[in-house]
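Have a look at the structure below, then the notes.
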Amino acid sequence: MDAALNPATLVVWGGLGLGLVFGAVANKTNFCTMGAISDVVNMGHWGRVRMWLLAVVVAMVGANLLHYTGQIDLGKTIYHRPAMPWLSLLLGGGLFGVGMTMASGCTAKNLVRLGGGSVRSLVVLVFLAVSAYMTLKGLFGQWRAGWLDPVTLDAGATGLGQVVGKLSGLPQPGALILTVLAISLGLLAFIFKDKRFRSNRVQVLGALVLGLVIVAGWYLTGHLGYGENPETLETVYFATNTRTLESLSLVAPAAFSLELLMLWTDKSLHASFGIATLVGMFLGSLAYALGTRQFRWEGFASLDDLRSHLIGAVLMGFGGVTALGCTIGQGMSGLSTLALGSLVAMFGLTSGAVAMMKYQVWRA
């Protein structure tokens, strides 16, 4: 097969392009879920939360329209599991929330800062990747697989659309559309009731673009990257680490990126959609920082600062893998699928972040 037409090649290069856009826009708009939570907790300001919610609405509407029209099957994503590992989602999300607060930002924010010249973020990302790899295949993985993942709950549904269908008796397609419509209208009313946010074109347009990047990720891996493997004649999702359709998620791809760098000559390892988006986010942020002359080197302020960031990075690596995603993987991609597990993970993540922020204020 011609390399130019190879679905795996298309998925990887497409992922790189989506990452470039996400990184540049996130840098331009100062997009940060942890920062948004911090704004509310410490200042009572909801501007960045509204931006994040608008991006989620766009991603949710776009992803479910693709699902409704048969372009992709969101039911095959890792977020929709008949037996929900609620303890892993809740505890992993909580630890990630604590970790990102200690590390001054989530995985995405540290990638954006790295593009802007932060050596501090480089250290955070390296330790995060090591911790994530240990949680996937190493010592931490033994604890996760043995103690947390077996604790599951069968809710009789994997997504909010299915819940509405069961409660209302509506057919699943109709219940899905009704659910998406109700959630979207409710969130949009909250988002745009604030005059200050409505007038902030940078945040509004940024949220639209970031949400569309999530939608494009689902279409790229779930439609364009779905086809027959010429070697095995099996129908597969090409160039995804989960072997199913994906959109943006950063913690596990950080681990796979580290593995690829360490075992570069291992011909069984290849670049994937997740790795490509992670690299793209860094390059997109770097390009914006250089283009606007905002690039500057940044290090740690003190030994205590270093210690806090290292502990936070390890917690993010473990928590992000255990919860099946981070503020992007669960907070945008997962929520766009309306998965019940994503709601549990985000409840844990938000609770962990708020608790850590309150503790930091009390300690100060």
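The values are calculated or read from the model by the stated rules, or taken from the named source; none is laboratory data. Worth saying up front: this structure is predicted, and the values here are computed from it rather than measured. Glycine also receives a Cβ, built like all others from the backbone with ideal geometry; neighbour counts cover every protein chain displayed. In case anyone asks, the SASA skips ligands and DNA or RNA and just uses the protein heavy atoms, side chains included. Shrake-Rupley method; radii C 1.70, N 1.55, O 1.52, S 1.80 Å.
Charges were assigned to the Cβ only: +1 to each Lys and Arg, -1 to each Asp and Glu. The resulting dipole of the stretch 165-256 about its Cα centre is roughly 800 debye. Rounded to whole numbers, the Karplus 3J(HN,Hα) couplings from phi for the stretch 292-300 are 9, 6, 9, 5, 7, 6, 9, x, 7 Hz, using 6.51 cos²θ - 1.76 cosθ + 1.60 with θ = phi - 60°, and x at Gly and Pro.
Between Asp305 and Trp147, the simple label model (points 7 Å from Cα in the Cβ direction) yields a spacing of 3.3 nm.
Computed from the C-beta positions of His223 and Arg198, the FRET efficiency with R₀ = 45 Å rounds to 0.85.
Over all other residues within a Cβ to Cβ distance under 9 Å of Gly35, the charged ones net out to +1, with Lys and Arg as +1 and Asp and Glu as -1.
Averaged over its residues, the chain has an accessible area of 45 Å² per residue, based on protein heavy atoms and a 1.4 Å probe. When the chain is described by a simple charge dipole with +1 on each Lys and Arg Cβ and -1 on each Asp and Glu Cβ, the residue from Ala132, Leu324, Gly312 located farthest towards its positive end is Gly312. Can you tell which of Gly341, Gly93, Gly14 shows the greatest fluctuation in a Gaussian network model of the chain with Cα springs below 10 Å? For the chain, modelled as a Gaussian network with Cα springs under 10 Å, the answer is Gly14. Rounded to the nearest 20, the Cβ-based charge dipole of the chain about its Cα centre (Lys and Arg +1, Asp and Glu -1) stands at 1280 debye.
Could you sort Trp52, Trp362 by accessible area so the largest value comes first, with the probe set to 1.4 Å?
Putting Trp52, Trp362 in descending order of accessible area: Trp362, Trp52.
The residue among Leu185, Gly174, Phe22 whose Cα reaches farthest toward the positive pole of the charge dipole of the chain, with charges on the beta-carbon of Lys, Arg, Asp and Glu, is Leu185. Here the stretch 243-344 is treated with +1 on each Lys and Arg Cβ and -1 on each Asp and Glu Cβ, and its dipole about the Cα centre works out to around 180 debye.
Which shape class, rounded, prolate or oblate, goes with the stretch 1-84 when its Cα gyration tensor gives a ≥ b ≥ c as root eigenvalues, a/c under 1.5 marks rounded, and past that a/b bigger than b/c marks prolate?
oblate
Annotation: peptides 195-204, 179-188, ranked by per-residue average of other Cβ atoms within 10 Å with the highest first, follow the order 179-188, 195-204.
Give the carbon-plus-sulfur fraction of the accessible surface of the chain in %, rounded to a whole number; probe 1.4 Å, heavy atoms of protein chains only.
The C+S portion of the solvent-accessible surface of the chain is 66 percent.
Other residues within the sphere of radius under 13 Å centred on the Cβ of Val119, judged by their own Cβ, net out at +1 (K and R +1, D and E -1).
Using r as the Cβ-Cβ distance of Ser268 and Met43, and R0 as 56 Å, what FRET efficiency do you calculate, to the nearest 0.05? The formula returns an efficiency of 0.70 here. Take 310-317, 6-13, 31-38 and order them by the average number of nearby Cβ atoms within 10 Å per residue, most first; the result is 310-317, 31-38, 6-13. Computing Rg and the Kirkwood Rh from the Cα coordinates of the stretch 220-304 gives a ratio, Rg/Rh, of 1.12. Look at the Cα gyration tensor of the stretch 1-152: its axes a ≥ b ≥ c give a/c under 1.5, and that counts as rounded. Distance between the modelled labels on Leu205 and Thr244, one decimal in nanometres: 3.7 nm (7 Å Cα→Cβ projection). Distance between the C-alpha centres of the stretch 332-361 and the stretch 6-35: 22 Å, rounded to the whole angstrom. Cross-linked pairs Lys28/Lys137; Lys28/Lys358; Lys76/Lys166; Lys109/Lys193; Lys195/Lys358: Cα-Cα separations exceed 25 Å for Lys28/Lys137; Lys28/Lys358; Lys109/Lys193; Lys195/Lys358. Taking the Cβ of Phe282 as the centre, find all other residues whose Cβ is under 14 Å away and add up their charges (Lys, Arg: +1; Asp, Glu: -1). Spelling it out: positives minus negatives among the neighbours equals +2. Applying D = kT/(6 pi eta Rh) to the chain, where Rh is the Kirkwood radius over alpha-carbon pairs, T corresponds to 37 °C and eta to 0.692 mPa s, the Stokes-Einstein value obtained is 159 µm²/s. Note on the chain: GNM, Cα springs under 10 Å; of Tyr133, Tyr68, Tyr219, the largest mean-square fluctuation is that of Tyr68. Averaging the sequence gap over all C-alpha pairs within less than 8 Å and six or more residues apart, then dividing by the number of residues, gives the chain a relative contact order of 41 percent. Secondary-structure-derived ellipticity at 222 nm for the chain, considering helices only, amounts to -20500 deg cm²/dmol, per-run term -39500 (n - 2.57) for DSSP H runs with n ≥ 4.
So if R0 is 45 Å, what FRET efficiency would Tyr359 and Asn6 give, r being the distance between their Cβ atoms, rounded to the nearest 0.05? So, using R0 = 45 Å, E works out to roughly 0.35. I need the shape label for the stretch 129-270. Rule: rounded when a/c is under 1.5, else prolate if a/b > b/c, else oblate, with a, b, c from the alpha carbon gyration tensor. In terms of gyration-tensor shape, prolate. Here is what passes the span test in the chain: the DSSP H helices with alpha carbon length of 30 Å or more along the helix axis and a Kyte-Doolittle mean of 0.0 or above are 7-29, 47-68, 340-363.
Under a Gaussian network description of the chain, with springs only between Cα atoms under 10 Å, the residue in Leu66, Leu153, Leu208 that fluctuates furthest is Leu153.
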